[in-house]
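Enquirer: Structure incoming, see below.
The values are calculated or read from the model by the stated rules, or taken from the named source; none is laboratory data. This is a predicted model, so every value here is computed, not measured. Because the Cβ atoms are built from the backbone with ideal geometry, glycine has one as well, and the counts that use them run over all protein chains shown.
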Amino acid sequence: MNFSDIIGQETVVSGLKNIIENKTVGHAYIFIGPEGVGKKMTASIFVNTLMCEEATSKPCGTCSGCKKIETGNHPDVYIVEGDSSTIGVEEIRNLKKDIYIKPYEAERKIYIIQEAQKLTEQAQNTLLKVLEEPPKYGTIILISTNAGVFLDTILSRALVITFRPHPYDIIERYLSINYPELKEELPFIAGFSGGIIGKAKEIAVSLEYSEMRRAITKSLMSLLSNNELDVLNTIENFEKYKSMTDSVFEFLLLWVRDVIFIKGLKSTDMIINIDMIDKVKDFSKNVTTKSIYKIAKHIIDTKRKVDQYANFNLAVEAMLINSWEEVHGNYSGYKV
Ligand SMILES: [Zn+2]
């Protein structure tokens, strides 16, 4: 892989290429941006380019440096990881001990600190000591979702590189090239990803997600039926996708959001479930604005109950009955 494989992020890529071409590699970089936006991939291409013996602006893929990077065992590249919640001072003390030992093979030694937002304050203070007197061959790359967690003294000694979510059209183009089988669902996925390529990919490969979406849409449409039993009969859709409850509720709220937009703006520009626009329109014609807001509240309340380990089926059943009654104008407040 090389820099041309990175989608979007032109500013980041041209900045890093300049650093390599001008041989102005620094001692500390902080890659900041949301999860799934391409920070790790970019870091690994940057590192690979720096470790390539050909020393051009892209890895040759065949030299001993590139081969070792590819198999993940370059002796001068270290990945620093902590446990699930923190990266403690011990890990950084190990880095500190190691970085002052000269590189084994390459001209440089590189440390990548993954999920650097987990660095404790004590660990950051130890890291600061290294950044105050770094060996000339040492480079540390911190990868983080959040810049707010770092000490100012760390930030002032590092070059902060910010990764932004991609514009909609870049995600759409990426999906249409890489997942040509997605046709009518493509605009939805592009919109839902919020510009995060990792999230778009995740949804695109998740057939289960699209099946869940279709099933839950059936439940939503059954709210329009005059027979209350029709909606209760769809509870099995919720049971079936119980393992992805967060996604189910997120989708329900997206639906509600779309209905509110259609009712308020009378335009489809902002609609996320664009591949289901006919159903969204049909739904919005049959509910009042007041009742759709109340349905939103039932959904949010139910999600909270489910998160607090309420009986799943009873909670969803109450949500469906209460929502049905909101649509049909005879809400009586069915409780679990
Ligand atoms: Zn190479």
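Enquirer: Out of curiosity, is residue 14 over 23 Å from the mean Cα position of the chain (by Cα), at pLDDT 90 or above and within 15 Å of the ligand (Cβ to nearest atom)?
Expert: Working: over 23 Å from the mean Cα position of the chain (by Cα): yes; at pLDDT 90 or above: yes; within 15 Å of the ligand (Cβ to nearest atom): no.
Spelling it out, it is not the case that residue 14 is over 23 Å from the mean Cα position of the chain (by Cα), at pLDDT 90 or above and within 15 Å of the ligand (Cβ to nearest atom).
Enquirer: In the range 170-211, how many are among the acidic types (Asp, Glu) and in a helix (DSSP H, G or I)?
Expert: Filtering the range 170-211 for residues among the acidic types (Asp, Glu) gives 172, 181, 184-185, 202, 208, 211.
Among the residues that remain, those that are also in a helix (DSSP H, G or I) are: 172, 202, 208, 211.
The number of residues fulfilling the criteria is 4.
Enquirer: Among the residues of the range 121-131, are any without any contact (Cβ under 8 Å) to a residue 60 or more places away in the chain, within 16 Å of the ligand (Cβ to nearest atom) and assigned by TED's automatic domain parsing to the domain that holds residue 149?
Expert: Just the residues of the range 121-131 that are without any contact (Cβ under 8 Å) to a residue 60 or more places away in the chain, to begin with: 121-130.
In the following step, the residues that additionally are within 16 Å of the ligand (Cβ to nearest atom) were identified as none.
Among the residues of the range 121-131, not one is without any contact (Cβ under 8 Å) to a residue 60 or more places away in the chain, within 16 Å of the ligand (Cβ to nearest atom) and assigned by TED's automatic domain parsing to the domain that holds residue 149, which makes the answer no.
Enquirer: Report yes if some residue within the range 270-290 is farther than 27 Å from residue 182 by Cα, surrounded by fewer than 18 Cβ atoms within 10 Å (Cβ to Cβ), among the β-branched types (Val, Ile, Thr) and not assigned by TED's automatic domain parsing to the domain that holds residue 185; otherwise report no. Give the derivation first.
Expert: Initial filter on the range 270-290 (farther than 27 Å from residue 182 by Cα): 285-290.
Imposing the further condition that a residue be surrounded by fewer than 18 Cβ atoms within 10 Å (Cβ to Cβ) reduces the set to 285-286, 288-290.
Of the ones still in play, those that are also among the β-branched types (Val, Ile, Thr) are 288-289.
Keeping just the survivors that are not assigned by TED's automatic domain parsing to the domain that holds residue 185 gives 288-289.
Yes: one or more hits.
Enquirer: Taking the range 270-311 only, how many residues are at pLDDT below 95 and aromatic (Phe, Trp, Tyr)?
Expert: Result for the range 270-311: 1.
Enquirer: Also, quick follow-up: Return yes or no: is residue 100 more than 16 Å from the ligand (Cβ to nearest atom), in the same structural domain as residue 141 (by TED's automatic domain parsing), within 30 Å of the chain's Cα centre (by Cα) and modelled with pLDDT of 95 or more? Walk me through it before giving the result.
Expert: Values: more than 16 Å from the ligand (Cβ to nearest atom): yes; in the same structural domain as residue 141 (by TED's automatic domain parsing): yes; within 30 Å of the chain's Cα centre (by Cα): no; modelled with pLDDT of 95 or more: yes.
No: the conditions fail for residue 100.
Enquirer: What single numbered condition from (1) free of Cβ contacts under 8 Å to residues at least 12 places away in the same chain; (2) surrounded by fewer than 15 Cβ atoms within 10 Å (Cβ to Cβ); (3) over 16 Å from the mean Cα position of the chain (by Cα) fails to hold for residue 261?
Expert: Condition (2) is where residue 261 drops out.
Enquirer: Could you tell me whether residue 71 is among the hydroxyl-bearing types (Ser, Thr, Tyr), more than 20 Å from residue 155 (Cβ to Cβ) and either more than 9 Å from the ligand (Cβ to nearest atom) or in contact with a strand residue (DSSP E or B) (Cβ under 6 Å, 6 or more places away or on another chain) (or both)? Quick ask: steps written out before the conclusion?
Expert: Numbers: among the hydroxyl-bearing types (Ser, Thr, Tyr): yes; more than 20 Å from residue 155 (Cβ to Cβ): yes; either more than 9 Å from the ligand (Cβ to nearest atom) or in contact with a strand residue (DSSP E or B) (Cβ under 6 Å, 6 or more places away or on another chain) (or both): yes.
Answer is yes for this residue.
Enquirer: Given the criteria buried (at least 22 other Cβ atoms within 10 Å of the Cβ) and farther than 19 Å from residue 116 by Cβ, does residue 66 qualify? Lay out the reasoning, then the answer.
Expert: Working: buried (at least 22 other Cβ atoms within 10 Å of the Cβ): no; farther than 19 Å from residue 116 by Cβ: yes.
Here the answer is no, as residue 66 does not meet what is asked.
Enquirer: So, one more: Which ones in the range 20-44 are within 15 Å of the ligand (Cβ to nearest atom) and either crowded, with 22+ Cβ neighbours inside 10 Å or within 15 Å of residue 109 (Cβ to Cβ) (or both)?
Expert: Initially, the range 20-44 is screened for residues within 15 Å of the ligand (Cβ to nearest atom), giving 20, 44.
Once the filter is applied, which keeps residues that are within 15 Å of the ligand (Cβ to nearest atom) and either crowded, with 22+ Cβ neighbours inside 10 Å or within 15 Å of residue 109 (Cβ to Cβ) (or both), the range 20-44 yields nothing.
Enquirer: Determine, yes or no, whether residue 168 is aromatic (Phe, Trp, Tyr), farther than 30 Å from residue 121 by Cβ and surrounded by fewer than 17 Cβ atoms within 10 Å (Cβ to Cβ). Before you say what the answer is, go through the steps one by one.
Expert: Details: aromatic (Phe, Trp, Tyr): yes; farther than 30 Å from residue 121 by Cβ: yes; surrounded by fewer than 17 Cβ atoms within 10 Å (Cβ to Cβ): yes.
Taking the combined requirement at face value, the residue satisfies it.
Enquirer: Hey, among 55, 43, which residue is in contact (Cβ under 8 Å) with a residue 60 or more places away in the chain and either aliphatic (A, V, I, L, M) or not assigned by TED's automatic domain parsing to the domain that holds residue 157 (or both)?
Expert: Details: 55 fails: in contact (Cβ under 8 Å) with a residue 60 or more places away in the chain.
The unique qualifying residue is 43.
Enquirer: Inspect the range 241-256 for any residue being more than 26 Å from the chain's Cα centre (by Cα) and of a type outside the set (S, T, N, Q) and give the result as yes or no. Can you show your working first?
Expert: Filtering the range 241-256 down to residues more than 26 Å from the chain's Cα centre (by Cα) leaves none.
Within the range 241-256, not a single residue is more than 26 Å from the chain's Cα centre (by Cα) and of a type outside the set (S, T, N, Q).
Enquirer: Filter the range 271-313 down to residues that are more than 15 Å from residue 257 (Cβ to Cβ), assigned to a loop (DSSP other than H, G, I, E, B) and over 28 Å from the mean Cα position of the chain (by Cα), then give me how many there are.
Expert: Looking only at that region, the number is 3.
Enquirer: What's the total number of residues in the range 300-313 that are closer than 15 Å to residue 242 by Cα and surrounded by 14 or more Cβ atoms within 10 Å (Cβ to Cβ)? Give the steps one after another, and end with the answer.
Expert: Keep residues of the range 300-313 that are closer than 15 Å to residue 242 by Cα, which gives 302-313.
Now drop any that are not surrounded by 14 or more Cβ atoms within 10 Å (Cβ to Cβ), which leaves 302-303, 305-306, 310, 312-313.
So the count comes out to 7.
Enquirer: Follow-up. From 113, 79, 92, 6, grab the single residue that is farther than 23 Å from residue 156 by Cα and away from the ligand (no atom under 16 Å from the Cβ). Before the answer, list the steps.
Expert: Working: 113 fails: farther than 23 Å from residue 156 by Cα; 79 fails: farther than 23 Å from residue 156 by Cα; 92 fails: farther than 23 Å from residue 156 by Cα.
One residue alone meets the criteria, 6.
Enquirer: Something else about it: For residue 225, only one of the following conditions fails: (1) within 16 Å of the chain's Cα centre (by Cα); (2) assigned by TED's automatic domain parsing to the domain that holds residue 318; (3) of a type in the set (Ser, Thr, Tyr). What is its number?
Expert: (1)
Enquirer: Only one residue in 3, 31, 46 is at pLDDT below 95 and aromatic (Phe, Trp, Tyr), so which one is that? Don't jump to the end; show me each part of the working.
Expert: Numbers: 31 fails: at pLDDT below 95; 46 fails: at pLDDT below 95.
Result: 3 is the single residue among 3, 31, 46 that is at pLDDT below 95 and aromatic (Phe, Trp, Tyr).
Enquirer: In the range 47-64, what residues are more than 9 Å from the ligand (Cβ to nearest atom) and more than 12 Å from residue 4 (Cα to Cα)?
Expert: Once the filter is applied, which keeps residues that are more than 9 Å from the ligand (Cβ to nearest atom) and more than 12 Å from residue 4 (Cα to Cα), the range 47-64 yields 47, 50.
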